[in-house]
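Heads up: the structure comes next, in structure tokens.
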Amino acid sequence: MTRDLDADHRPWPLPQRPWVMKQTWDRLLFAHWPVRPDELRDLIPRELTLDTFDGAAWVAVVPFGMSGIRLRGLPPIPGTAAFPEINVRTYVAHQGKPGVYFFSLDATNPVAVASARRFFRLPYVRADISVDSTAEGVVHYRSRRTHRNAAPAEFVAWYAPVSEPFRAAAGSLERWLTERYALYTVRRGDVYRGDIHHDPWPLQLAQADIRTNTMAAAAGIALSDAPPLLHYAHKLDVLLWTLEKTLEKG
């Protein structure tokens, strides 16, 4: 039940309705780049407010593994309970609630891609992805988009944590980037919010060697040549709610 969940760290209360899906995210890399707001404003729906930190917008490329996927009250569906994913996202707000806006979400599982496109109205696309980890904790990640008629996109990198886990401090950029408890999507001028819930991120500083990265470029976003801000998270359990249309447009 939602009343049994620890929600003191959330910026707003948990939804009163029951959650519908549970997932675990693992071996996740946040690779963040600052972007001028005017370079992103026309790439997100006008109904959403582009969120900024000290005047800068941010774009993230986020590769990770997804496992333990199941609908509430049901066992995992064979063949859909675990797969890798990589997404491209920025940060927005609506009606005072900050959240995430996705430009793309690449995944290997065709059933999951089709379901997410239909029920969560998210821009999921199919991709060939391989993920391998060494005994020392280095993650080797390769992704190539295969979705028909989608813009080509690839990501090839290795990454690893280089610090002990920590919780981002209140008011810090790290907390602003990662502690977000909603996703937003817009359809025909209507804004839909999908609430999510998890414990505070167990972040670790990270290193990475990104050999190929055309994920953001496929969405029309030019990333700078400066090194990205890197964080790693080994594992996080997540609850998701169905989309809910906000009460007003814009």
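A few comments on the model shown:
- In order along region 41-51, the Karplus-derived 3J(HN,Hα) couplings, from 6.51 cos²θ - 1.76 cosθ + 1.60 at θ = phi - 60°, round to 3, 7, 9, 10, x, 5, 6, 9, 8, 6, 8 Hz, and Gly and Pro are given as x.
- With both labels modelled 7 Å from their Cα along Cα-to-Cβ, the residue 236 to residue 134 distance reads 2.6 nm.
- In the chain, lysine pairs with alpha-carbon atoms under 24 angstrom apart (chain gap of 8 or more, or interchain): 5
- Amide H contacts for residue 59 (H built 1.01 Å from N in the peptide plane; partners 5 or more residues away or on another chain; cut-off under 5 Å): 33, 35.
- Protein accessible area in the chain, 1.4 Å probe - carbon and sulfur %: 51 percent
- Distances between placed amide hydrogens fall under 5 Å for residue 10 paired with no residue 5 or more residues away or on another chain.
- Cα shape, region 109-227, gyration tensor, a/c 1.5 rule: oblate
- Gyration tensor verdict on the chain (Cα atoms; rounded if a/c is under 1.5, prolate if a/b is larger than b/c, oblate otherwise): rounded
- Annotation note: chymotrypsin sites (Phe, Trp or Tyr not before Pro) in region 100-134 located in DSSP loop regions with a Cβ neighbour count of at most 10 within 10 Å are absent.
- In sequence order, calculated HN-Hα J values of region 55-65 (Karplus, 6.51, -1.76, 1.60; Hz; x Gly/Pro): x, 10, 8, 9, 10, 10, 10, 10, x, 6, x
- Separation in nanometres of the label points that stand 7 Å from Cα toward Cβ, at residue 170 and residue 199: 2.1 nm
- In sequence order, calculated HN-Hα J values of region 156-172 (Karplus, 6.51, -1.76, 1.60; Hz; x Gly/Pro): 9, 6, 10, 8, 7, x, 9, 8, 6, x, 8, 9, 4, 6, 4, x, 7
- Computed [θ] at 222 nm, helices only, for the chain once each DSSP H run of length n ≥ 4 contributes -39500 (n - 2.57): -2000 deg cm²/dmol
- Each Lys and Arg Cβ is given +1 and each Asp and Glu Cβ -1; about its Cα centre, region 29-141 then shows a dipole of about 600 debye.
- Loop-located GluC sites (Glu not before Pro) in region 150-250 (DSSP state other than H, G, I, E, B) with a sparse environment of at most 10 neighbouring Cβ atoms within 10 Å: 248.
- Average accessible surface area per residue within region 101-250, 1.4 Å rolling probe, Å²: 51 Å²
- Among the trypsin sites (Lys or Arg not before Pro) within region 150-248, those in coil by DSSP and having at most 10 neighbouring Cβ atoms inside 10 Å are 188.
The values are calculated or read from the model by the stated rules, or taken from the named source; none is laboratory data. As the structure is a prediction and not an experimental result, all values here were calculated from the model. A quick note on method: Cβ atoms are made from the backbone with ideal geometry, for glycine too, and the neighbour counts reach across all protein chains shown. Ligands, DNA and RNA are excluded from the accessible area calculation, which covers all protein heavy atoms including side chains. Shrake-Rupley method; radii C 1.70, N 1.55, O 1.52, S 1.80 Å.
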